[in-house]
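Here's the structure, in structure tokens; my notes come after.
What follows is calculated from the coordinates using simple rules that are stated; it is not laboratory data. Model, not experiment: these values are computed from the prediction. Don't worry about glycine lacking a Cβ; one is built from the backbone with ideal geometry, like all the others, and counts go over all protein chains shown.
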Amino acid sequence: MEFQELLTEFKDQLDELENGNGDILFKAESGIAQVEKYLKKLQVQISKNSFPSLKDEIYFFKHIKPQFFSKLIYYGRLFHIESKRPRGSNAAQIKYLKTQIKKLQIFFNDNLEFYNYYRRGAISLDEQYFVRGKRDLRLPLESFHFLIDVRFSTCQDGTVAIIMAYDMLIVYLQGEIDILTINMDELNTKPMERPSKLFWTGSKTDLIELIYALHASNTINSGTVDIKELASHFEHFYNIDLGNYYHTFIEIRSRKTGRTKFLDKLIEMLKQRMEALDE
């Protein structure tokens, strides 16, 4: 069976997502949906076809499926980590991110035997680990998502996927730590900014609706600004803590009527102002 075309298409889709606009939570949420779609395609292919040989089966579950499944784990954990990331100082964020890295590294220590087997490229136990029909109840919880179909799972392909996902997460988290550290150094060498004398006196939900509208319009930095940076600017400028603005935006999206309630109100009030001036 040939999976390279599907794998190439899968990687292209995720590259487009990663390089596009949108904050990290939006990308993680969209990434989960994309990966699940491709995993289902892969699952259908496996259910309809047989592997030509045991060697082909081992190769698929050791090298192909984990490339898909690792992204599902990656985006799922990324969404969880970023949605709980503190909104405080850079130092508080760095402490939180370092704690998350330590939690990920615990998995490697808890699965050291298989981790070393995989890392050194060993093959002696591949028939035990990567051929269907063999089970290990000690599998990490993340592995059970696609174990319902015994035709699409082996003893350790999920563990390989977790190793790959956690490697990606650690790289991402360390990159965020480096950025925050650089920003702290820059702040320490700059004079203190004067606090804004403006205060947002409307609701947080209204301001978040406005921020997302500006972000969607691509009118700030030609659409290259991150939603996190934009929200942080408004928080500083209007002396307000927006809290978990992404979850608030989810609530706005789920409105049954009037999804753009505040923006509609702004349009109506501006029309009234212009009509009053025309009189």
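Only Lys, Arg, Asp and Glu count, each charged at its Cβ (+1, +1, -1, -1), so figure out the dipole size of the stretch 1-144 about its Cα centre, rounded to 20 debye.
Working: 24 positive and 19 negative charges, 138 e Å.
The dipole of the stretch 1-144 has a size of about 660 debye.
Of the residues G158, G223, G31, which exhibits the maximal mean-square fluctuation in a Gaussian network model of the chain defined by a 10 Å Cα contact cut-off?
G223
GNM on the chain, C-alpha springs below 10 Å: top fluctuator among E176, E29, E113?
E113
Compare the Cα positions of F107, G20, A33 along the charge dipole of the stretch 4-189 (+1 at Cβ of Lys, Arg; -1 at Cβ of Asp, Glu; about the Cα centre) and return the one farthest towards the positive end.
Going by the Cα projections, it comes out as F107.
Classify the stretch 1-160 from the C-alpha gyration tensor, please: rounded if a/c falls under 1.5, else prolate or oblate depending on whether a/b exceeds b/c.
Oblate is the answer for the stretch 1-160, as a/c is 1.5 or above yet b/c matches or exceeds a/b.
Quick one: if you stick a label point 7 Å off each Cα along the C-beta vector at L266 and K228, how many nm between them?
2.4
Please name which of T260, F10, L169 has its Cα lying farthest along the dipole of the chain towards the positive end, using unit charges on Cβ (Lys, Arg +1; Asp, Glu -1) and the Cα centre as origin.
L169
Using per-residue counts of other Cβ atoms within 10 Å, averaged over each peptide, order 11-18, 244-251 from highest down.
The most tightly packed comes first, giving 244-251, 11-18.
Eight or more residues apart or on different chains, and alpha-carbon atoms under 18 Å: count the Lys pairs in the stretch 65-122 matching that.
5
So what is the 222 nm mean residue ellipticity for the chain from helices alone, if each DSSP H run of at least 4 adds -39500 (n - 2.57) and you divide by all residues, rounding to the nearest 500 deg cm²/dmol?
Mean residue ellipticity at 222 nm (helix-derived): -21500 deg cm²/dmol.
Based on the Cβ-Cβ distance of A213 and E127, what FRET efficiency does E = 1/(1 + (r/R0)^6) give at R0 = 45 Å, to the nearest 0.05?
E between A213 and E127, to the nearest 0.05, is 0.20.
Put +1 on the Cβ of each Lys and Arg and -1 on the Cβ of each Asp and Glu in the chain; which of N239, S124, S50 then has its Cα farthest toward the positive end of the dipole?
About the Cα centre, the residue reaching furthest to the positive side is S124.
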